[in-house]
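Reading through the structure tokens given below for one structure.
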Amino acid sequence: MEDEIKTEDETSQETTGQWLQDNLRVIISILIVVAIAGGIYSYSKRTEAPTADKQETTQEEATQENTTTNIDSITENATTEKKTAPAASSQETENTFIETAGKGDSLTVLARRALANHLEKNPDSALTPEHKIYIEDYLRKNVSHKGGIYVGTSVEFSKSLIQDAIVKSKNLNEKQLQNLHKYAVRVPSLS
């Protein structure tokens with residue numbers, strides 16, 4: 001009887017081995033299809049990430065355009081009343097301009113607002129939009145504020161730093177001013 005059981009086991013193993021040999025091509029084909037599908041899925045997930053970045057960039061550009069519109073209101077309005085997003089404000093002390101960020105404001109926007117406030121009280125017709133781009137960038141880079149800008153963040157721009165930036169902007173050569181022109185045209189409020 002043991003011989004019969006072994007024979008059945010051997011027969012079962014032979015049948016399994018035969019089935020595996022007969023269907024090896026089908027099994028390998030299925031594994032290849034699964035591997036290709038996994039690769040396509042992985043690749044599609046990688047290419048979707050830059051699309052999300054582009055959407056974020058577009059949203060940032062829209063925010064910058066809204067901010068530029070707010071700054072237009074500030075520079076065109078000769079009064080001290082500010083027409084910006086809620087929580088944005090400007091305050092002048094003896095030695096500084098304190099700019100408080102509103103929704104969508106950046107350090108560059110706050111520097112632009114401080115410069116506009118300074119020029120409102122100390123007009124300088126020699127400053128072109130290219131000079132103003134240089135000044136706001138100089139202020140942004142040299143202000144003592146560290147960290148991010150959020151609604152309600154206050155940044156102090158010293159009047160001496162603003163004056164220093166104005167002097168340095170007037171020492172720019174023609175080539176430097178031409179280089180800044182491509183940035184100045186993007187901010188109509190500087191005209």
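The values are calculated or read from the model by the stated rules, or taken from the named source; none is laboratory data. The model shown is predicted, which means the values in this text are computed figures rather than measured ones. Don't worry about glycine lacking a Cβ; one is built from the backbone with ideal geometry, like all the others, and counts go over all protein chains shown.
Those residues that are under 19 Å from L177 (Cβ atoms) and either among the aliphatic types (A, V, I, L, M) or surrounded by fewer than 17 Cβ atoms within 10 Å (Cβ to Cβ) (or both), I need them from region 121-146; list them, please.
Of everything in region 121-146, those that are under 19 Å from L177 (Cβ atoms) and either among the aliphatic types (A, V, I, L, M) or surrounded by fewer than 17 Cβ atoms within 10 Å (Cβ to Cβ) (or both) turn out to be D124, S125, A126, L127, I133, I135, L139, K141.
Please tell me if V34 is at pLDDT 85 or above, surrounded by 10 or more Cβ atoms within 10 Å (Cβ to Cβ) and either touching a Pro at 6+ places or on another chain (Cβ under 7 Å) or of a type in the set (V, I, T) (or both).
Criteria met by V34.
Hey, could you check region 118-146 for residues that are in contact (Cβ under 8 Å) with a residue 40 or more places away in the chain and closer than 17 Å to S89 by Cβ and say which is nearest to the chain's Cα centre (by Cα)? First the steps, then the outcome.
As a first pass, look at region 118-146 and keep what is in contact (Cβ under 8 Å) with a residue 40 or more places away in the chain: 118, 120, 124, 126-134.
Right, trim to closer than 17 Å to S89 by Cβ and you get 118, 120.
Values: H118: 28, E120: 30 Å.
Here the residue is H118.
Mind checking which residues of region 154-171 are surrounded by 21 or more Cβ atoms within 10 Å (Cβ to Cβ) and in a strand (DSSP E or B)?
V155, F157
When region 95-120 is examined, which residues are found to be crowded, with 16+ Cβ neighbours inside 10 Å and polar (S, T, N, Q)?
Listed by number, the residues that qualify are T96, T100, S106, T108, N117.
Residue by residue through region 93-110, note down the ones that are outside any loop (DSSP other than H, G, I, E, B) and over 13 Å from S154 (Cβ atoms). I'd like the intermediate steps shown before the answer.
First, pick out the residues of region 93-110 that are outside any loop (DSSP other than H, G, I, E, B): 96-100, 107-110.
Answer for region 93-110, where residues must be outside any loop (DSSP other than H, G, I, E, B) and over 13 Å from S154 (Cβ atoms): T108, V109.
For Y134, which of the numbered conditions (1) at pLDDT 95 or above; (2) touching a Phe, Trp or Tyr at 6+ places or on another chain (Cβ under 8 Å) fails to hold?
The one condition Y134 does not meet is (2).
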